[in-house]
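The values are calculated or read from the model by the stated rules, or taken from the named source; none is laboratory data. Keep in mind that what you see is a predicted model, and the values were worked out from it rather than measured. Cβ: placed from backbone, ideal geometry, glycine included. Neighbour counts: every protein chain shown.
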Amino acid sequence: MPYPLRERILILEDEYAANDFGLTIAMALLEAMHAAPACGIQVHLVGDLGAGKTTLVRAMLRALGYTQHVRSPTYTLVESYTIGNIKSVPLLIYHFDLYRFEDASEWEDAGFREYFEAQALCLVEWPERAGSILGIPDLHIVLEIQGKGRKLTARAYSKIGKACLSQC
């Protein structure tokens with residue numbers, strides 16, 4: 001990865017703090033998508049099993065107004081969400097979980113490229129399982145278990161990512 005444009009390190013003491021961060025970053029991502037509607041945003045979520053990647057995605061979806069059940073895409077590999085009409089445009093969100101991938105070529109074989117070419121928010125758990133195929137994300141979030149809480153390290157690798165982290 002190149003040198004990040006911005007980095008934030010937060011200690012999330014509990015699930016409430018994770019939900020607060022989810023709300024803040026979701027609103028920042030929404031604002032960024034409206035500011036640059038012609039492009040999508042890619043967020044990589046990295047951490048051990050149980051570190052809170054899916055919990056953070058759930059918090060983000062709730063913050064954006066998604067009220068239905070949010071499933072982990074561990075077995076389906078991708079879950080798609082459409083969040084109503086926000087400023088007269090539906091917001092497309094794709095939540096990937098690549099944990100079950102054994103080889104980076106499986107990403108290509110699964111036909112996921114089209115999702116990343118859409119004007120959508122792509123949230124990817126276990127991005128390292130796709131090797132370098134995904135490219136450099138706008139945001140790279142690492143979650144580490146620390147006692148009952150989490151250490152969150154967020155790095156921005158694009159102007160969009162930098163603008164989002166500036167709000168956190």
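Residues in segment 30-50 that are touching a helix residue (DSSP H, G or I) at 6+ places or on another chain (Cβ under 7 Å), modelled with pLDDT under 90 and not in a loop (DSSP other than H, G, I, E, B): Ala32 only.
Determine whether Tyr94 is among the hydroxyl-bearing types (Ser, Thr, Tyr), surrounded by 14 or more Cβ atoms within 10 Å (Cβ to Cβ) and without any contact (Cβ under 8 Å) to a residue 60 or more places away in the chain. Taking the combined requirement at face value, the residue satisfies it. Taken over segment 138-154, the residue count meeting the criterion of being surrounded by fewer than 22 Cβ atoms within 10 Å (Cβ to Cβ) and among the basic types (Lys, Arg) is 2. Would you check if Leu121 is closer than 24 Å to Leu64 by Cα, aliphatic (A, V, I, L, M) and either modelled with pLDDT of 95 or more or surrounded by fewer than 16 Cβ atoms within 10 Å (Cβ to Cβ) (or both)? Judged against the criteria, Leu121 is not a match. Quick one: is Arg113 under 22 Å from Leu61 (Cβ atoms) and more than 13 Å from the chain's Cα centre (by Cα)? Judged against the criteria, Arg113 is not a match.
Listed here are the residues, each with its yes/no results for (1) closer than 22 Å to Asn19 by Cα; (2) not aliphatic (A, V, I, L, M).
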site	(1), (2)
Phe101	no, yes
Glu128	no, yes
Val142	yes, no
Gln146	yes, yes
Tyr157	no, yes
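In segment 22-60, how many are closer than 26 Å to Tyr99 by Cβ and buried (at least 22 other Cβ atoms within 10 Å of the Cβ)? Matching residues across segment 22-60 total 15. Within segment 81-111, the set of residues being of a type in the set (Ser, Thr, Tyr) and modelled with pLDDT under 75 comprises just one member, Ser88. Every residue in segment 55-71 that is more than 17 Å from Gly149 (Cβ to Cβ) and touching a residue at least 40 places away in the same chain (Cβ under 8 Å), please. Once the filter is applied, which keeps residues that are more than 17 Å from Gly149 (Cβ to Cβ) and touching a residue at least 40 places away in the same chain (Cβ under 8 Å), segment 55-71 yields Val57, Met60, Arg62, Ala63. So, of the residues in segment 138-162 that are within 14 Å of the chain's Cα centre (by Cα) and in a helix (DSSP H, G or I), which turns out to be nearest to Leu98 (Cα to Cα)? Selected residue: Gly161. Within segment 81-137, the only residue that satisfies the criterion of being part of a helix (DSSP H, G or I), in contact with a helix residue (DSSP H, G or I) (Cβ under 7 Å, 6 or more places away or on another chain) and farther than 15 Å from Val46 by Cβ is Trp107.
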